[in-house]
Amino acid sequence: MYIIAIAWLYITVLMAATEKTITAGVLTFTFYGLLPCALLLWILGVNHRRFKKHQQSLRQESLLEEEVSSQDSANANRDE
């Protein structure tokens, strides 16, 4: 996924370098390169962020269950 973004940014840098003025080059790079690339990476990263959030919630639940079970077994001995 990142190789496509890097290649697209390279192409837009070359397009911007061929513009007649610096302003046109900056605008070309911004509107043809940075904004579409950022949008693409953000959209394609949604599933990854959702997966990481789900994994983190599962990890927290398992740690909470482990902590509760370790506290329960700590005082399971018979008092004499």
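Okay, residues lined up against (1) assigned to a helix (DSSP H, G or I); (2) at pLDDT 90 or above; (3) surrounded by 10 or more Cβ atoms within 10 Å (Cβ to Cβ):
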| site | (1), (2), (3) |
| --- | --- |
| TYR10 | yes, yes, yes |
| VAL13 | yes, yes, yes |
| THR30 | yes, yes, yes |
| HIS48 | yes, no, yes |
| LEU63 | yes, no, yes |
| SER69 | yes, no, yes |
| SER73 | yes, no, no |
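Residue count for the range 15-28 satisfying the condition of being surrounded by 13 or more Cβ atoms within 10 Å (Cβ to Cβ) and of a type in the set (Ser, Thr, Tyr): 1. Starting from the range 27-51, keep only residues that are touching a residue at least 40 places away in the same chain (Cβ under 8 Å), then list their pairs with residues that are assigned to a helix (DSSP H, G or I) and of a type outside the set (D, E, K, R) whose Cβ atoms are within a distance under 9 Å, requiring at least 6 positions of separation or different chains. Note: pairs meeting the criteria are LEU41/TYR2; LEU41/ALA5.
The values are calculated or read from the model by the stated rules, or taken from the named source; none is laboratory data. No experiment lies behind these values; they were computed from the predicted model shown. Reconstructed Cβ throughout: ideal geometry from the backbone, glycine too, with neighbour counts over all protein chains shown.
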